[in-house]
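Everything on this sheet refers to the single structure shown next.
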Amino acid sequence: MPEPITAPAIELDGVSKAFGANKVLDDVSLTVRHGSIMVMLGPSGTGKSVLLRCLVGLLRPDAGRVLVYGEDVAALDESRPRDRARLFALRRRFGMLFQDGALFDDMDVGDNVAFPMRMHTDLSEAQIRAKVADKLRRVGLSGVERKAPSELSGGMRKRVAFARAIALEPDIVLCDEPSSGLDPVMSATLDELILELHRTLGMTFIVISHDTAEAKKIADTIGLLASGKLVTYGPAADVFAEGQPALRQFFERSTEGPIRVL
Amino acid sequence: MSFVWFVRHALVAQFSRLPPAEQFLRHAVDAGVGSVALLTLLIFFAGMSLAVQGYGAFVRMGGQEFLGLFCGIGGVRELFPVMAAIVCGARIGANLAASLANMQISEQIEALSVMGIDPMRYLVAPRLWAVVFTMPLLCAYADVVGLSASYFAAVVQLGVDQGTFSAQLREIIRWQDLAVGVGKGVAFGWLVAIIACYHGYRAAKQEGAAGVGVATNRAIVHSTVVCIVLNMILSAILYA
């Protein structure tokens, strides 16, 4: 049964994570509604990717809870066999677009996109091929099934990775810097793709980015993470109206403000 | 990630269910067929060297008729299996470590995890089974090639009596020796594979391409040392 539109897909409650003395997430709490597009902004190295990895249990927070549709991922210990099985089952609700695509380089494009379906469904090979063609068409890459990942440009690799991330039509799609390394037109194309998939398939998107144009275009919820702290978070319209100084600095690309890089 | 943690999870993954057949076959063919040419070349020369060295030592005492015993004991019990493990271990281990390290630094292993696929089951278990299956075959093949080379050097090149050489081989090599060779192959294979997978799996993304080199280097060095030490321990237990 589909989740009601207002139900929380993800809830973070007091999440902290440190690597040695370096605290990358400091008491972060937020809620992502099912069916929304949440964009988390922030300077490089402020814990955005760590936050994403905590959501799928690739990293365990030192403190706090990470609820995915009510189940605490942070309580699952991957080294315990029972938790491991539960964690892997829970992860099937996610699709993830990695920063560099993370395509399997020993498979061609078609097999990359087909891979999650072959592993998790009983679909026939003909059905899988049809779905692969459909996903590739959605990302504007029809007919590239037999190409090797190494033959693709950066933008094409990212779109293939996107097709793979949505192959099982997951509840939640995580996008780690989808526009990094892409030209503005390709970035805009990916943004359109996210909006179209959100509209047609009703997926929840969590997008990690430092691209303010992208955030303005696609976000219905927006957050800003700086020095591990959630500086601001809420519906995009409210956050923009609030004019939080760090967010303003970020959008104005200014070196003057609360965010200090040097 | 500690080695103990990795071994524990690898064992669970290896024995909890059969590996994907396609993965197993791909790695078995790569490890086995891919090693045959190199192994044949090196073991053939090693077998000939063994006979030449033995002949040089025995002939001074007029004991060249014992060359068959020497090649049988030194070759089948020690030199050929351990050389097969080191030569194939280096080649196979380097392949495994490099491929897994590359997958780790390019986030392919994380991608598998996020898809809800256990990388231990999908990546590590088939590789372990493949090498455990092929290494004993390679050790047995090394025995055949090495002994043939020793025979060739002793009988054809050095003029040792063919009947005496063959009779001594039959005398000294028992079925147990061949079984021990195969058993050693299983142990060497598992150790080479687990060490290589461990080093490849723990490569850090931050290390970039250098991490692949480091993982490969460690896999070769550690598996070579472990195979030689294990061989010595087994020899001491079985033959001392």
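What follows draws every value from the coordinates through simple rules; no lab data is involved. This one's a predicted model, so the numbers in the text were calculated from it and none came from an experiment. FYI the Cβ positions are ideal-geometry reconstructions off the backbone, even for glycines, and counts take in every protein chain you see.
Once R0 is set to 60 Å, what does the formula 1/(1 + (r/R0)^6) return for the Cβ-Cβ distance between residue B:3 and residue A:237, expressed as a FRET efficiency to the nearest 0.05?
Approximately 0.70, to the nearest 0.05.
Once whole DSSP H runs in chain B are found, which of them have Cα atoms spread over 20 Å or more along the helix axis and a mean Kyte-Doolittle score of at least -1.0?
B:21-59, B:80-105, B:125-151, B:175-201, B:209-239
Stokes-Einstein diffusion coefficient for segment B:146-231 at 37 °C in a medium of 0.692 mPa s, Rh from the Kirkwood formula over Cα pairs: what value in µm²/s?
Value of D from the Cα-based Kirkwood radius: 204 µm²/s.
Reachable aspartates and glutamates from residue B:184, Cα under 18 Å, same-chain residues fewer than 8 places away excluded?
Within the straight-line cut-off, residue B:184 pairs with B:78, B:143.
Can you give the % of DSSP beta bridges in chain A that are antiparallel, to the nearest 5?
55 percent
Out of segment B:9-100, which trypsin sites (Lys or Arg not before Pro) are coil in DSSP terms and have no more than 15 other C-beta atoms within 10 Å?
B:17, B:60
Would you tell me the mean number of C-beta atoms belonging to other protein chains that fall within 10 Å of each C-beta in B:101-113, as a whole number?
5
Once R0 is set to 30 Å, what does the formula 1/(1 + (r/R0)^6) return for the Cβ-Cβ distance between residue A:107 and residue B:214, expressed as a FRET efficiency to the nearest 0.05?
Step by step, r from the Cβ atoms, then E = 0.70.
In terms of Cα to Cα distance under 14 Å, which aspartates and glutamates are near enough to residue A:147, apart from those fewer than 8 places away along the same chain?
Straight-distance partners of residue A:147: A:105, A:106, A:108, A:111.
Would you mind getting me the FRET efficiency between residue A:153 and residue B:230? Use the beta-carbon distance for r and R0 = 41 Å, nearest 0.05.
0.25
Which residues in segment A:100-115 place their backbone N less than 12 Å from a point set 7 Å from the Cα of residue A:133 along the Cα-to-Cβ direction?
Counting only backbone N, you get no residues.
Rounded, prolate or oblate: pick one for segment A:24-103, where a ≥ b ≥ c are the square roots of the eigenvalues of its C-alpha gyration tensor, a/c under 1.5 means rounded, and failing that, prolate if a/b is larger than b/c, else oblate.
rounded
Report the extension gain between residue A:199 and residue A:75 in nm, rounded to one decimal, defined as 0.36 nm multiplied by the number of residues separating them, less their alpha carbon distance.
The span from residue A:199 to residue A:75 would gain 41.4 nm if fully extended.
On a full-extension model of 0.36 nm per residue, what is the gain between residue B:171 and residue B:25, subtracting their alpha-carbon distance, rounded to one decimal in nm?
Difference between extended and current length: 48.8 nm.
Helix-only mean residue ellipticity at 222 nm, chain B, DSSP H runs n ≥ 4 weighted -39,500 (n - 2.57), per residue, nearest 500. What is it?
It comes out at -27000 deg cm²/dmol, rounded to the nearest 500.
First check a/c for segment A:92-202, with a ≥ b ≥ c the square roots of the eigenvalues of its C-alpha gyration tensor; if it is under 1.5, answer rounded, and if not, answer prolate when a/b is larger than b/c or oblate otherwise.
oblate
Under the definition of Cα pairs under 8 Å and six or more residues apart, what whole-number percent is the relative contact order of segment B:20-239?
Relative contact order here is 36 percent.
At 7 Å along the Cα-to-beta-carbon direction for both residue B:186 and residue A:44, put a label point, then send me their distance in nm to one decimal.
5.3 nm
Would you please classify the overall shape of chain B from the alpha carbon gyration tensor, given that a ≥ b ≥ c denote the square roots of the eigenvalues, rounded means a/c under 1.5, and beyond that prolate means a/b larger than b/c while oblate covers the rest?
Note, shape of chain B comes out prolate.
Tell me the angle of helix A:154-165 to the major Cα principal axis of chain A, expressed in degrees between 0 and 90 and rounded to the nearest ten.
Tilt relative to chain A: about 80 degrees.
Of the listed pairs A:48/A:135; A:23/B:205; A:48/A:158; A:158/A:217; A:48/A:217, which have alpha-carbon separations greater than 26 Å here?
A:48/A:135
If you stretched the chain out fully between residue A:229 and residue A:248, how much longer would it get, using 0.36 nm times the residue separation minus the C-alpha to C-alpha distance?
Stretched fully, the residue A:229-residue A:248 segment lengthens by 5.2 nm.
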